[in-house]
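Asker: Below are the structure tokens for one structure; questions will follow.
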Amino acid sequence: MNYVVDILLIAVSAALINNFVLYYFVGICPFIGVSRKVDMAFGMGCAVTFVISIAAFLSWTITTYILKPGAPLSQWVAGMFVSPEMAASIDLTILCYIVYIFAIASSVQFVEMYVRKFFPALYKSFGVFLPLITTNCAILFACLTIMSNVAGVDNPADAWDLGRSLTLAVFGGVGFTIAIVIMAGIREELDLCDIPKPLEGAAITLVVAGILALAFMGFTGVDSGLKKALTPKTSEMVQAQVVRQQDQLATIALSSNPVGMHR
Amino acid sequence: MADAPTPLERFVQGILPENPVYRQVLGLCPTLAVTNGLNAAMTMAAAVAFVLFCANIITSLIRDLLKPHLRIVIFTLTIATFVTIADRFLAAYMYQMSKTLGPYIPLIIVNCLIICRCEVCASKQSPIHAGADALGQSIGFGLALGSIAAVREILGTGMLFGIRVLPEIWPDWVVMVLPPGAFLTLGLLLGAVNWYAMRQQEQ
């Protein structure tokens with residue numbers, strides 16, 4: 001039960017509350033570049049969701065079995081050369097950026113070949129944007145979030161399993177798709193409007209995105225409400241929850257620092 | 001290579017005429033994410049400058065060895081190496097700042113600005129050109145980040161570098177330091193820069 005609640009919270013949080021584009025500002029380039037037509041935006045969203053899931057699977061596997069301190073595979077390899085005590089202290093997390101970017105680049109290559117073979121029409125309409133997914137921050141961001149939740153936790157029992165990691169990735173991708181499709185819909189209408197000349201193009205898109213982000217801020221606090229509704233609890237826990245919730249709202253109101261990971 | 005830009009041209013162009021943020025609209029993730037305070041923005045600009053400079057020089061040195069279809073991977077791996085250095089340096093000497101910037105330091109790897117400069121300049125010209133280009137682009141990027149951060153910090157908290165500049169009576173526009181403020185500020189500043197450029201052209 002607890003696990004299901006956890007998964008649900010991660011999903012809602014990744015897709016709506018802490019939307020990748022509108023809250024963390026990752027994946028802005030395609031958000032502005034490919035949001036002219038709704039169908040193309042939807043295709044881009046699907047491609048990103050697909051790549052992000054593969055990359056998340058790879059990064060979770062690599063982090064858990066190779067990179068994090070005391071990971072089985074690296075310990076086994078090192079154990080062949082040095083004493084077991086030394087092998088247990090091996091920490092390869094410093095390599096994570098290089099490893100992740102390599103994993104992402106290769107999975108994008110794979111997706112590109114797959115799409116070209118089976119969906120030639122889609123491939124044509126993507127054009128230059130498919131290779132550009134490699135340099136889409138949203139994907140690296142998902143990998144880094146997973147890493148900080150696998151290797152960066154103090155208590156090994158809190159480390160995310162594959163299910164949680166994949167949920168974050170898939171719903172992060174869904175959140176990206178939602179944002180980019182809404183944006184494309186607005187821009188299709190915007191083409192018919194009389195926009196001041198200097199604001200045409202990227203500038204008006206950013207202003208619209210700001211208003212969209214303002215709307216998405218309305219989801220703030222949905223996660224704590226959802227958690228309250230889903231966890232059975234005693235009256236003391238309810239009290240504690242209310243206090244925590246108030247604290248959270250106060251921090252949100254006062255926060256001068258939306259940067260940094262909240263999960 | 002007769003009409004290729006000289007180092008000085010590269011340097012000057014990066015600052016305003018080809019400003020990475022306002023003219024080329026590149027590298028928007030850090031531009032939007034870390035500009036809620038000038039301190040964070042300047043640290044970010046310095047980190048980007050370091051990575052851009054080193055990556056540009058290295059790419060320029062190995063430009064004859066690059067294979068066309070593998071070059072983007074080589075660029076990203078070079079950049080990733082220097083980002084790791086910058087990230088470890090910040091974590092060691094500016095721990096609090098590295099916590100504030102969080103995932104946005106590693107995200108420099110996928111900053112299109114750096115890959116674009118490697119592709120446009122460093123993979124075609126000598127290290128001197130590449131270095132001058134990196135310096136100019138970094139200054140331009142720093143200026144852009146600084147201007148956005150200044151607007152957001154003054155309107156959002158009434159402070160600049162953590163020092164109060166507006167009177168106490170100023171009602172803090174909290175929205176300016178939250179995510180929507182970043183989009184609005186950048187959009188409007190971009191519009192203002194476009195307007196200015198158009199007026200210059202007319203004259």
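The values are calculated or read from the model by the stated rules, or taken from the named source; none is laboratory data. Just so you know, these numbers come straight off a predicted model, no measurement behind them. For neighbour counting, all protein chains shown are included, and Cβ atoms are generated from backbone atoms with ideal geometry for every residue, glycine included. The area values use the complete protein model at the heavy-atom level, side chains included, leaving out ligands, DNA and RNA. Shrake-Rupley method; radii C 1.70, N 1.55, O 1.52, S 1.80 Å.
Asker: Using a simple spin-label model with points 7 Å from Cα along the Cα→Cβ vector, what separation in nm is obtained for B:Leu77 and B:Thr6?
Answerer: The two pseudo-label positions are separated by 3.7 nm.
Asker: Considering amide H positions built from the backbone, and no H for Pro or chain starts, which residues 5 or more places from A:Trp160, or on another chain, come under 5 Å of its amide H?
Answerer: Amide H neighbours of A:Trp160, under 5 Å, 5+ apart: A:Val150.
Asker: How much FRET efficiency would the formula 1/(1 + (r/R0)^6) give for B:Glu202 and B:Ile85, where r is the Cβ-Cβ distance and R0 is 60 Å, rounded to 0.05?
Answerer: 0.80
Asker: Please get the size of the charge dipole for the protein assembly as shown, origin at its Cα centre, with Cβ charges of +1 on Lys and Arg and -1 on Asp and Glu, quoted in debye to the nearest 20.
Answerer: In total the dipole reaches around 480 debye.
Asker: Separate question: Express the carbon and sulfur contribution to the solvent-accessible surface of region B:7-143 as a percent, rounded to the nearest whole number, probe 1.4 angstrom.
Answerer: 71 percent
Asker: Another question, then. What is the distance, in nm, between label points placed 7 Å from the Cα along the Cα-to-Cβ direction at A:Phe110 and at A:Asp6?
Answerer: Computed distance between label sites A:Phe110 and A:Asp6 equals 2.6 nm.
Asker: Determine the dipole magnitude for region B:7-143: charges of +1 sit on the beta-carbon of Lys and Arg, -1 on that of Asp and Glu, nothing else is charged, the reference point is the Cα centre, and the result goes in debye to the nearest 20. Provide the component values of the computation, followed by the final result.
Answerer: Working: 9 positive and 6 negative charges, 34 e Å.
Approximately 160 debye in magnitude.
Asker: What total accessible surface area, summed over both chains, is buried at the interface between chains B and A, computed with a 1.4 Å probe and given in Å² to the nearest 100? Provide the component values of the computation, followed by the final result.
Answerer: Working: alone 10850 and 14620 Å², together 21700 Å².
Summing both sides, the interface buries roughly 3800 Å².
Asker: Let me ask something else. Suppose R0 equals 30 Å. What FRET efficiency, 1/(1 + (r/R0)^6) with r the Cβ-Cβ distance, do A:Met80 and A:Val153 give to the nearest 0.05?
Answerer: 0.55
Asker: On to the next question. To the nearest 500 deg cm²/dmol, what mean residue ellipticity at 222 nm is calculated for chain B from DSSP H runs of n ≥ 4 alone, each contributing -39,500 (n - 2.57), summed and divided by the residues? Walk me through the numbers on the way to the answer.
Answerer: Working: 9 runs with 134 residues, N = 203.
Using -39500 (n - 2.57) per qualifying helix, the result is -21500 deg cm²/dmol.
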